[in-house]
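S.K.: Supplied in structure tokens, the structure appears directly below.
The values are calculated or read from the model by the stated rules, or taken from the named source; none is laboratory data. Since the model is a prediction, treat every value here as computed from it, not as a measurement. Quick reminder, even Gly has a Cβ in these numbers, built from the backbone with ideal geometry, and neighbours come from all protein chains shown.
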Amino acid sequence: ETGDYRFLEGTVQADKLYLSAFDGAHAFLFEGKVLEDGSLIGTFRSGTHYQTTWEARRNPDFELADPDSLTFLTDPAQPLSFQFPNQDGELVAFDGPKLAGKVRIVQIMGTWCPNCRDETDFLREYLAENPNPDLAVLGLAFEKHRDREQSLAIIHRYHERLELPYDLLWAGYYQKEEAAKALPMLNQILSYPTMIFVDRSGRVRRIHTGFSGPATSKYEAFKADFEEYVQQLLSEKTTTF
């Protein structure tokens, strides 16, 4: 409900199925068995550190929750506010004068997250193809290290290698309950990535949880919806209530 495992390759052998991916940073392996009633059971492994079981049954009526409904402000009147160091160690304030009056997109992410990498690529390409001084993107990186200098070094390298046109801020440790304390105005941090859309007046208009990347059938629809919504926000001179 909050994303995908990027590009998987696989095979079916009799009643067994296998799907896997290795991109140099992430190793995923799905193993499954088709039962007589058509349902599936199996295991999922991520690297050498995580393993779990899964099961699946066909349900043509099942629908995922609306990704715009899962994360929200606990008080709709409360503005989004934070200040964290960017990839160069410089403090950046969300409500600072450099960003005032702009449409802002806040990307909750991590450099370790494959789904976030796909979303980061999408945002970089969108900004390159649609330059607009009234649109600003900020990435909030929640990392696997608690140490400031170690985390900033990783974020700086990520920012440099991807040639990102927007700041990545170190927002803290990646464990979700702890990360939520960095943004206490949200009900939760459910997924990496999560994208927050903020209008010119500083009002949070929409929060999109997860990301269905280019390996999914929903990617093109997401792109079209994103582009339309950003243009709508940019066309507004004042907040629409």
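S.K.: If I ask for residues that are charged (D, E, K, R) and under 14 Å from Phe44 (Cα atoms), which ones from region 17-32 would you list?
M.R.: Of everything in region 17-32, just one residue is charged (D, E, K, R) and under 14 Å from Phe44 (Cα atoms), namely Glu31.
S.K.: Run Phe82 past the list (1) modelled with pLDDT of 95 or more; (2) crowded, with 18+ Cβ neighbours inside 10 Å; (3) not β-branched (Val, Ile, Thr) and report the number of the one that doesn't hold.
M.R.: Condition not satisfied by Phe82: (2).
S.K.: Would you mind listing the helices (runs of 4 or more DSSP H) fully within region 124-241 where at least 2 residues are buried (at least 17 other Cβ atoms within 10 Å of the Cβ)?
M.R.: Here the list reads 148-161, 219-235.
S.K.: When you go through (1) under 26 Å from Glu227 (Cα atoms); (2) among the aliphatic types (A, V, I, L, M); (3) in contact with an Asp or Glu (Cβ under 7 Å, 6 or more places away or on another chain) one by one for Ile154, which number turns out not to apply?
M.R.: Every condition holds for Ile154 apart from (1).
S.K.: Continuing with this model, one more query. Out of curiosity, is Pro193 in contact with a helix residue (DSSP H, G or I) (Cβ under 7 Å, 6 or more places away or on another chain) and over 20 Å from Leu138 (Cα atoms)? Quick ask: steps written out before the conclusion?
M.R.: Numbers: in contact with a helix residue (DSSP H, G or I) (Cβ under 7 Å, 6 or more places away or on another chain): yes; over 20 Å from Leu138 (Cα atoms): no.
So Pro193 does not fit the description; no.
S.K.: Only one of Gly3, Gly32, Gly24 is among the small types (Gly, Ala, Ser) and closer than 19 Å to Leu190 by Cβ; which?
M.R.: Exactly one of Gly3, Gly32, Gly24 is among the small types (Gly, Ala, Ser) and closer than 19 Å to Leu190 by Cβ, namely Gly3.
S.K.: Hey, any hits in region 31-52 for a residue that's assigned by TED's automatic domain parsing to the domain that holds Leu168 and either among the acidic types (Asp, Glu) or touching a Pro at 6+ places or on another chain (Cβ under 6 Å) (or both)?
M.R.: Pass one, region 31-52, residues assigned by TED's automatic domain parsing to the domain that holds Leu168: none.
No, region 31-52 has no match at all.
S.K.: Mind checking which residues of region 1-34 are part of a loop (DSSP other than H, G, I, E, B), farther than 19 Å from Ala56 by Cβ and of a type in the set (Gly, Ala, Ser)?
M.R.: Listed by number, the residues that qualify are Gly24, Ala25.
S.K.: A further question follows. Being of a type in the set (A, V, I, L, M) and within 17 Å of the chain's Cα centre (by Cα) is the filter here; which residues of region 114-133 pass it?
M.R.: Keep residues of region 114-133 that are of a type in the set (A, V, I, L, M), which gives 123, 127-128.
Across region 114-133, the qualifying residues are Leu123, Leu127.
S.K.: For region 48-74, how many residues are surrounded by 11 or more Cβ atoms within 10 Å (Cβ to Cβ), among the polar types (S, T, N, Q) and either touching a helix residue (DSSP H, G or I) at 6+ places or on another chain (Cβ under 8 Å) or farther than 29 Å from Phe22 by Cβ (or both)?
M.R.: Within region 48-74, residues that are surrounded by 11 or more Cβ atoms within 10 Å (Cβ to Cβ), among the polar types (S, T, N, Q) and either touching a helix residue (DSSP H, G or I) at 6+ places or on another chain (Cβ under 8 Å) or farther than 29 Å from Phe22 by Cβ (or both) number 1.
S.K.: Still on this model: Have a look at Pro97, Pro60 and point out the one that is within 27 Å of Tyr166 (Cβ to Cβ), free of Cβ contacts under 8 Å to residues at least 12 places away in the same chain, part of a loop (DSSP other than H, G, I, E, B) and out of contact with any strand residue (DSSP E or B) (no Cβ under 9 Å at 6 or more places or on another chain).
M.R.: Pro97
S.K.: Restrict the check to region 75-91 and report whether at least one residue is assigned to a strand (DSSP E or B) and over 22 Å from Arg161 (Cβ atoms).
M.R.: Yes, some residue in region 75-91 is assigned to a strand (DSSP E or B) and over 22 Å from Arg161 (Cβ atoms).
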